[in-house]
Ligand SMILES: C[S@@+](CC[C@H](N)C(=O)[O-])C[C@H]1O[C@@H](n2cnc3c(N)ncnc32)[C@H](O)[C@@H]1O
């Protein structure tokens, strides 16, 4: 996975992304925004906001910044906000979540929905999410992780060599992700149909602490 392959993949997906990945993964988006329990005046950062499927879910009282590496995905998000009369719901910026332009401690809550298995370097992503999140703030993720079901897990392993073309890693391991990023979740729970995805919630209290020495992320 590299940033160019990701941009190309999501340029292809942008127009029909909502049809393929909208409704089916919306329960996970809703679960995470509910769990965020956003308070009045909070500053929220959503990385990899894509076509903005989550944006109508946030309450009016918060200020939301959404970033994405794909201009084409963000164009779709802008169409959505215009169409729904939600122009002020979020500020949308083309930016690499692994190299963010925000100052340290800029946000109360930072969230990534279906992004961790897409970025080139998930460890770097989490480091950046921690950096821009206030100490004591919260980090939220929802993602599909490598299935423990032998059949589905086997299919995901077979698909792994196609990660570049697919635009995500089908065999992304939760244990490995937690070990490599040092995230110490206070809540992990299944979401979406058939518990296909996992919601992970962590407090931003230990920057890069507790990382395990495991090999670099690979598609195997
Ligand atoms: C599977 S989509 C998820 C989109 C949206 N969060 C959702 O709930 O549907 C992954 C998104 O992450 C974006 N992305 C991948 N790598 C990124 C990076 N390094 N920085 C910012 N966005 C990135 C992609 O462009 C794409 O829009």
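The values are calculated or read from the model by the stated rules, or taken from the named source; none is laboratory data. Since the structure is predicted, the reported quantities are computational estimates derived from the model, not experimental observations. Cβ placement follows ideal geometry from the backbone for every residue including glycine, while neighbour counts extend to all protein chains displayed.
For the stretch 112-124, the criterion of a residue being in contact with a helix residue (DSSP H, G or I) (Cβ under 7 Å, 6 or more places away or on another chain), closer than 24 Å to residue 71 by Cβ, in a helix (DSSP H, G or I) and within 15 Å of the ligand (Cβ to nearest atom) is satisfied by at least one position. Report whether or not residue 94 is touching a helix residue (DSSP H, G or I) at 6+ places or on another chain (Cβ under 9 Å) and within 12 Å of the ligand (Cβ to nearest atom). In short, yes. For the stretch 125-140, which positions are part of a helix (DSSP H, G or I) and either within 15 Å of the ligand (Cβ to nearest atom) or at pLDDT below 95 (or both)? 125, 126, 127, 128, 129, 131, 132, listed by residue number. For the stretch 147-164, the criterion of being touching a residue at least 24 places away in the same chain (Cβ under 8 Å), out of contact with any strand residue (DSSP E or B) (no Cβ under 7 Å at 6 or more places or on another chain), part of a loop (DSSP other than H, G, I, E, B) and surrounded by 15 or more Cβ atoms within 10 Å (Cβ to Cβ) is met by none of the residues. Taken over the stretch 34-58, residues that are over 21 Å from residue 131 (Cα atoms), part of a helix (DSSP H, G or I) and in contact with a strand residue (DSSP E or B) (Cβ under 9 Å, 6 or more places away or on another chain) amount to 2. In the stretch 73-89, of all residues being touching a helix residue (DSSP H, G or I) at 6+ places or on another chain (Cβ under 6 Å) and surrounded by 18 or more Cβ atoms within 10 Å (Cβ to Cβ), the one that is farthest from residue 5 (Cα to Cα) corresponds to 89.
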